[in-house]
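The block underneath contains the structure these notes are about, expressed in structure tokens.
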């Protein structure tokens, strides 16, 4: 899935990925400060989405286009949730982003196998998701179908994260995403907003995307190196086998 994007390393400057990552962190922190201060800044939806767009560009610089797709879809979701009439589009965009993340997890599991200890996290998330859905569903109204479908997608994505043989950042990011969306849903459907003064939804969301971006890009780079080393061994073996005895 990502491996076909492996091009010559020199095609991308070494400073590009760190620069985009640093810019993403500044944008994400900047929006948090603006939101905390309650400033009605013009272009707020664009500012909100800019940090995730920068993370998407970071992913492209790390030669991870599918990861970038998930991040760009998330940015569309961020923007849509901030504009009038954009709720359904925002939910669909984030659901699509989670589906892409899930696809990456499944692809990794099929290539490298799965972690048995990840079943503990998967089971805990399944129970948590069922409990949250039971609590939230009476207040969902017309969004019941869309919200339930979204809940299922993000939970399956998070459950898969624990099964991947990769950086723990992946599971941490997925769980943080579940926490962020749980806080958001509690505010929407139950008018419950714990610790609202520090904007926990944004903190956990931004941290989730950062963890996923770093975790996926690191794991995909490792997989490319392993694939390259294996190809070199095959070529070396073929060359030695063709030498005169």
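So, residue 101, is that one more than 17 Å from the chain's Cα centre (by Cα), surrounded by 14 or more Cβ atoms within 10 Å (Cβ to Cβ), within 12 Å of residue 158 (Cα to Cα) and modelled with pLDDT of 95 or more or not? Judged against the criteria, residue 101 is not a match. Given the criteria within 22 Å of the chain's Cα centre (by Cα), free of Cβ contacts under 8 Å to residues at least 40 places away in the same chain and either part of a helix (DSSP H, G or I) or surrounded by 15 or more Cβ atoms within 10 Å (Cβ to Cβ) (or both), does residue 121 qualify? So residue 121 fails the test. Looking only at region 189-200, count how many residues are part of a helix (DSSP H, G or I), free of Cβ contacts under 8 Å to residues at least 40 places away in the same chain and surrounded by 13 or more Cβ atoms within 10 Å (Cβ to Cβ). Residues flagged as part of a helix (DSSP H, G or I), free of Cβ contacts under 8 Å to residues at least 40 places away in the same chain and surrounded by 13 or more Cβ atoms within 10 Å (Cβ to Cβ) within region 189-200 amount to 1. Exactly one residue among 173, 166 is modelled with pLDDT under 95 and either under 29 Å from residue 116 (Cα atoms) or crowded, with 16+ Cβ neighbours inside 10 Å (or both), and that residue is 166.
Table: residues versus (1) surrounded by fewer than 17 Cβ atoms within 10 Å (Cβ to Cβ); (2) in contact (Cβ under 8 Å) with a residue 12 or more places away in the chain; (3) closer than 23 Å to residue 228 by Cβ.
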{"residue": "49", "(1), (2), (3)": "no, yes, no"}
{"residue": "61", "(1), (2), (3)": "no, yes, yes"}
{"residue": "72", "(1), (2), (3)": "no, yes, no"}
{"residue": "90", "(1), (2), (3)": "no, yes, no"}
{"residue": "111", "(1), (2), (3)": "yes, yes, yes"}
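Per this entry, residue 174 is counted among residues that are touching a helix residue (DSSP H, G or I) at 6+ places or on another chain (Cβ under 9 Å), in a helix (DSSP H, G or I) and in contact (Cβ under 8 Å) with a residue 60 or more places away in the chain. Assess whether residue 127 counts as being touching a residue at least 40 places away in the same chain (Cβ under 8 Å) and either in a helix (DSSP H, G or I) or surrounded by 14 or more Cβ atoms within 10 Å (Cβ to Cβ) (or both). In short, no. Is there a residue in region 36-44 that is at pLDDT 95 or above and either surrounded by 19 or more Cβ atoms within 10 Å (Cβ to Cβ) or assigned to a helix (DSSP H, G or I) (or both)? For region 36-44, residues at pLDDT 95 or above and either surrounded by 19 or more Cβ atoms within 10 Å (Cβ to Cβ) or assigned to a helix (DSSP H, G or I) (or both): absent.
The values are calculated or read from the model by the stated rules, or taken from the named source; none is laboratory data. Because the structure is a prediction, the values reported are computed rather than measured. As a convention, Cβ positions derive from the backbone with ideal geometry for all residues, glycine included, and neighbour counts pool all protein chains shown.
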